[in-house]
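Structure in structure tokens, see below.
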Amino acid sequence: MDFFTHLVFGALMYLFFLKEVTFDYLILAIFFSILPDLDIFIFPLKRVFKSNYLEHRSGSHSYFIGIILAGIIGAIYSILTQKPFIIVWIIGIIFYGIHVSLDLLTTTKIPFLYPVSKREYCYYAEKAGSSFTLLTSWVFITTLLIIYFYFPDIFLLLLAINNYTYFVLLYYLYRIITKIWIDSHLKDNQKYFPGVLPFYYYIFEKDSSQNTLSVLIEKKSHFSRSKLIYKNHSILNSVEMELFKKGSDLLMENYYYAKWTLLPVFLKKDGVFSIRFFFVEPMVRARAMYIQYDFNLSSKQEIGYHQKFGRIQP
């Protein structure tokens with residue numbers, strides 16, 4: 001989920017549920033609601049400590065790390081401001097936890113119980129960095145600014161805040177219920193992915209055997225017919241299967257890429273066998289980021305590497 005939506009959602013939850021607490025605590029709640037995404041500033045430390053958990057959306061996105069950081073920051077804040085430590089700590093735990101919970105709903109896995117457990121999980125109810133929630137957040141903020149400067153009325157401000165809060169809560173409830181309902185009707189080889197708009201979603205289907213691979217992506221909606229995005233059935237010989245496995249292993253060495261669902265597309269030309277791995281999670285309008293490995297069929301050696309964004313097709 002994008003940084004700006006986390007900020008707005010944190011402020012909304014504070015105003016909606018903790019209206020009697022002071023403005024100082026509102027700023028603190030907003031800070032903790034965006035704190036996990038400030039891990040981008042510690043990313044350079046990965047080069048020193050060689051730990052994948054210093055990457056973005058990694059070790060920082062954990063309930064246990066939130067409890068620890070809330071305690072440390074709460075202690076410092078209490079000493080400097082004389083505010084009760086327990087209140088600051090609880091606010092920190094709640095709003096840090098809200099951030100982690102929202103990211104658990106998205107399509108990028110996070111180690112939400114680190115360091116107790118290194119298991120990574122996501123629920124696939126909402127796109128990570130959703131442009132829809134980002135847009136609605138900006139509309140909400142613009143509305144508040146218009147009311148504040150042109151129609152200064154506390155009733156209108158509270159009405160806008162309450163209505164948008166209900167909208168956000170209902171939106172995520174709808175996303176979760178949709179995911180549960182569709183998952184209950186999927187086959188074992190199928191997987192649900194949320195679309196950008198709330199009424200659209202994708203179904204990814206993959207079948208594999210000893211030397212064949214079949215993949216299919218369909219765009220679906222609650223109100224319109226399905227649209228085929230991509231369908232392919234590939235038969236690979238022993239050398240091509242070996243190179244496919246080699247390419248998959250190379251990709252899995254990258255901690256961030258290993259989190260995503262892969263759609264492989266194979267290309268053969270002039271003795272070169274290329275494997276183009278599209279990432280399904282960030283797909284928008286049949287376009288997605290991909291990593292491509294080129295192999296020489298004779299020597300079986302890697303001779304090329306490409307990272308681009310393009311349409312899902314050979």
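State all residues of region 109-132 that are at pLDDT 90 or above, among the hydroxyl-bearing types (Ser, Thr, Tyr) and either under 16 Å from residue 175 (Cα atoms) or in a helix (DSSP H, G or I) (or both); if no residue qualifies, say none.
Hits for region 109-132 are 123, 124.
Here is a further query. For region 232-263, what are the residues that are part of a strand (DSSP E or B) and under 25 Å from the mean Cα position of the chain (by Cα)?
262, 263
Looking at 99, 56, which is the one that is outside any helix (DSSP H, G or I) and in contact with an Asp or Glu (Cβ under 8 Å, 6 or more places away or on another chain)? Don't jump to the end; show me each part of the working.
On the way: 99 fails: outside any helix (DSSP H, G or I).
Being outside any helix (DSSP H, G or I) and in contact with an Asp or Glu (Cβ under 8 Å, 6 or more places away or on another chain) holds for just one of 99, 56, which is 56.
Moving on. Please state which of the following conditions residue 273 fails to meet, knowing it meets all the rest: (1) surrounded by 15 or more Cβ atoms within 10 Å (Cβ to Cβ); (2) closer than 22 Å to residue 127 by Cβ.
Every condition holds for residue 273 apart from (2).
Go through the residues of region 83-96 one by one and say whether even a single one is more than 22 Å from the chain's Cα centre (by Cα), at positive phi and not in a helix (DSSP H, G or I).
No - not one qualifying residue is present in region 83-96.
Next question. Please go through (1) under 30 Å from residue 286 (Cβ atoms); (2) free of Cβ contacts under 8 Å to residues at least 12 places away in the same chain; (3) assigned to a helix (DSSP H, G or I); (4) not charged (D, E, K, R) for residue 155 and return the number of the only condition it doesn't satisfy.
(1)
Still on this structure: Could you grab me the full set of residues in region 157-216 that are of a type in the set (Val, Ile, Thr), over 23 Å from residue 6 (Cβ atoms) and within 22 Å of the chain's Cα centre (by Cα)?
So the first thing to find is which residues in region 157-216 are of a type in the set (Val, Ile, Thr), and the list is 161, 165, 168, 176-178, 180, 182, 196, 203, 212, 215.
Still in the running and over 23 Å from residue 6 (Cβ atoms): 180, 182, 203, 212, 215.
Listed by number, the residues that qualify are 180, 182, 203.
Please work out if residue 178 is in contact with a strand residue (DSSP E or B) (Cβ under 8 Å, 6 or more places away or on another chain) and polar (S, T, N, Q).
yes
Further question on the same structure: Output the qualifying pairs, or none if there are none: Cβ atoms under 7 angstrom, residues six or more apart or on different chains, first residue in region 239-257 and assigned by TED's automatic domain parsing to the domain that holds residue 208, second residue of a type in the set (Asp, Glu).
If the second residue must be of a type in the set (Asp, Glu), the pairs left are 255/55; 256/55.
Being part of a loop (DSSP other than H, G, I, E, B) and either of a type in the set (Asp, Glu) or over 26 Å from residue 219 (Cα atoms) (or both) is the filter here; which residues of region 271-314 pass it? Reasoning before the result, please.
Keep residues of region 271-314 that are part of a loop (DSSP other than H, G, I, E, B), which gives 271, 280-283, 285-286, 297-301, 312-314.
271, 281, 297, 298, 299, 300, 301 - these are the residues of region 271-314 that are part of a loop (DSSP other than H, G, I, E, B) and either of a type in the set (Asp, Glu) or over 26 Å from residue 219 (Cα atoms) (or both).
Tell me, yes or no, whether region 63-80 has at least one residue that is of a type outside the set (Lys, Arg) and touching a residue at least 60 places away in the same chain (Cβ under 8 Å).
No: region 63-80 contains no residue that is of a type outside the set (Lys, Arg) and touching a residue at least 60 places away in the same chain (Cβ under 8 Å).
Can you tell me how many residues in region 44-89 are farther than 19 Å from residue 118 by Cβ and surrounded by fewer than 16 Cβ atoms within 10 Å (Cβ to Cβ)?
Looking only at that region, the number is 15.
The conditions are (1) in a helix (DSSP H, G or I); (2) among the hydrophobic types (A, V, I, L, M, F, W, C); (3) surrounded by 15 or more Cβ atoms within 10 Å (Cβ to Cβ), and residue 1 fails exactly one of them. Which is it?
With (1) in a helix (DSSP H, G or I); (2) among the hydrophobic types (A, V, I, L, M, F, W, C); (3) surrounded by 15 or more Cβ atoms within 10 Å (Cβ to Cβ) applied to residue 1, the lone miss is (1).
Continuing with the same structure: Checking residue 167 against (1) buried (at least 16 other Cβ atoms within 10 Å of the Cβ); (2) part of a helix (DSSP H, G or I); (3) not β-branched (Val, Ile, Thr), which test does it fail?
With respect to (1) buried (at least 16 other Cβ atoms within 10 Å of the Cβ); (2) part of a helix (DSSP H, G or I); (3) not β-branched (Val, Ile, Thr), residue 167 is out only on (1).
Can you name the number of the only condition in (1) without any contact (Cβ under 8 Å) to a residue 12 or more places away in the chain; (2) closer than 24 Å to residue 46 by Cβ that residue 285 fails?
Unmet for residue 285, out of (1) without any contact (Cβ under 8 Å) to a residue 12 or more places away in the chain; (2) closer than 24 Å to residue 46 by Cβ: (2).
So which residues in region 213-236 are among the hydrophobic types (A, V, I, L, M, F, W, C) and out of contact with any Asp or Glu (no Cβ under 8 Å at 6 or more places or on another chain)?
Once the filter is applied, which keeps residues that are among the hydrophobic types (A, V, I, L, M, F, W, C) and out of contact with any Asp or Glu (no Cβ under 8 Å at 6 or more places or on another chain), region 213-236 yields 223, 235, 236.
Residues checked against (1) among the aliphatic types (A, V, I, L, M); (2) closer than 24 Å to residue 108 by Cα; (3) in the same structural domain as residue 278 (by TED's automatic domain parsing); (4) in contact with a Leu (Cβ under 9 Å, 6 or more places away or on another chain):
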position	(1), (2), (3), (4)
140	no, no, no, yes
145	yes, no, no, no
159	yes, no, no, no
163	no, no, no, no
171	no, yes, no, no
199	no, yes, yes, no
210	no, no, yes, no
219	no, yes, yes, yes
235	yes, no, yes, yes
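The values are calculated or read from the model by the stated rules, or taken from the named source; none is laboratory data. Since the structure is predicted, the reported quantities are computational estimates derived from the model, not experimental observations. Cβ coordinates were reconstructed from backbone atoms using ideal geometry, including for glycine residues, and neighbour counts include every protein chain displayed.
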